[in-house]
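The values are calculated or read from the model by the stated rules, or taken from the named source; none is laboratory data. Keep in mind that what you see is a predicted model, and the values were worked out from it rather than measured. Cβ atoms come from the backbone with ideal geometry, glycine included; neighbour counts cover every protein chain shown.
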Amino acid sequence: MDEARVHNILTFYLPILIFGSFVYGFLNGNSQMLIYAIGYLVTYFAIRLEIHHQEHKWGAHRDTRFVKALVISNLVVVGFLLPTILAHSTKANFNRNLVMFFIAGAFIYATTWRIIDKLSEDRVGIFLLVLSLLVLIKTKSLLEPLLFALLSLWACLILKHSLAAYATKGL
């Protein structure tokens, strides 16, 4: 199966799978799964929005390097860091965790912007798989890391093939 076909399948079925995990978490009363599912949905639509903006050349989205940095940082910050922090926060430490999230998010974006030219898609994929393993260790469940791994694969396929090619094909 070629990569464009895998990308098309993931583009169509990934939101359905994530929403299915949201419903499953809601029916089972698993608030941690709900938080991860919402984070993954927000990440999916944020990446789609970045591709849409890049297609229409809005503002700084004319620069492919900028869009690639945003896709990677969206995936790491909104898809991994935010759900992990929110799932393990209590009322006592919520404000502190939120401040840590904004500081870490700014640091991750700045670091990604600095090293985006040195990062290959394979290195990004390995890094994101390690993050999936961290989600597996934290949640002790298979569904959340599997969804994050699929989301990561989808984002890596976007990065591997030029962003403009996917935007112009309407994928």
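So which residues in region 120-166 are hydroxyl-bearing (Ser, Thr, Tyr) and exposed (fewer than 14 other Cβ atoms within 10 Å of the Cβ), if there are any at all? Walk me through it before giving the result.
Restricting attention to region 120-166, the residues satisfying the condition of being hydroxyl-bearing (Ser, Thr, Tyr) are 120, 132, 139, 141, 152, 162, 166.
Passing the criteria: Ser120, Ser162.
What's the number of the condition Asp117 fails, among (1) surrounded by fewer than 16 Cβ atoms within 10 Å (Cβ to Cβ); (2) in a helix (DSSP H, G or I); (3) in contact (Cβ under 8 Å) with a residue 40 or more places away in the chain?
With respect to (1) surrounded by fewer than 16 Cβ atoms within 10 Å (Cβ to Cβ); (2) in a helix (DSSP H, G or I); (3) in contact (Cβ under 8 Å) with a residue 40 or more places away in the chain, Asp117 is out only on (2).
Name every residue in region 14-44 that is among the aromatic types (Phe, Trp, Tyr) and either loosely packed, with under 13 Cβ neighbours inside 10 Å or touching a residue at least 24 places away in the same chain (Cβ under 8 Å) (or both), in order of residue number. Lay out the reasoning, then the answer.
Applying the first criterion (among the aromatic types (Phe, Trp, Tyr)) to region 14-44 yields 19, 22, 24, 26, 36, 40, 44.
Answer for region 14-44, where residues must be among the aromatic types (Phe, Trp, Tyr) and either loosely packed, with under 13 Cβ neighbours inside 10 Å or touching a residue at least 24 places away in the same chain (Cβ under 8 Å) (or both): Tyr24, Tyr36, Tyr40, Tyr44.
Any residue in region 122-138 that is more than 30 Å from Asn30 (Cα to Cα), without any contact (Cβ under 8 Å) to a residue 24 or more places away in the chain and in contact with a helix residue (DSSP H, G or I) (Cβ under 9 Å, 6 or more places away or on another chain)?
Yes, region 122-138 contains at least one residue that is more than 30 Å from Asn30 (Cα to Cα), without any contact (Cβ under 8 Å) to a residue 24 or more places away in the chain and in contact with a helix residue (DSSP H, G or I) (Cβ under 9 Å, 6 or more places away or on another chain).
Does at least one position in region 49-68 carry a residue that is under 20 Å from Leu142 (Cα atoms) and assigned to a helix (DSSP H, G or I)? Spell out how you get there, then give the answer.
Step one: of region 49-68, the residues under 20 Å from Leu142 (Cα atoms) are none.
No.
Among (1) over 30 Å from Phe26 (Cβ atoms); (2) at pLDDT 85 or above; (3) among the polar types (S, T, N, Q), which single condition is Ser162 missing?
In the conditions (1) over 30 Å from Phe26 (Cβ atoms); (2) at pLDDT 85 or above; (3) among the polar types (S, T, N, Q), Ser162 misses (2) alone.
Which one of Gly20, Gly39, Gly79 is in contact with a Pro (Cβ under 8 Å, 6 or more places away or on another chain), among the small types (Gly, Ala, Ser) and in a helix (DSSP H, G or I)? Don't jump to the end; show me each part of the working.
Working: Gly20 fails: in contact with a Pro (Cβ under 8 Å, 6 or more places away or on another chain); Gly79 fails: in contact with a Pro (Cβ under 8 Å, 6 or more places away or on another chain).
It is Gly39.
Out of all the residues in region 82-114, which are exposed (fewer than 12 other Cβ atoms within 10 Å of the Cβ) and either part of a loop (DSSP other than H, G, I, E, B) or among the charged types (D, E, K, R) (or both)?
Scanning region 82-114 gives Thr90, Lys91, Ala92, Arg96, Arg114.
Being surrounded by fewer than 20 Cβ atoms within 10 Å (Cβ to Cβ) and either hydrophobic (A, V, I, L, M, F, W, C) or within 18 Å of Ala149 (Cβ to Cβ) (or both) is the filter here; which residues of region 52-73 pass it?
Within region 52-73, Trp58, Ala60, Phe66 qualify.
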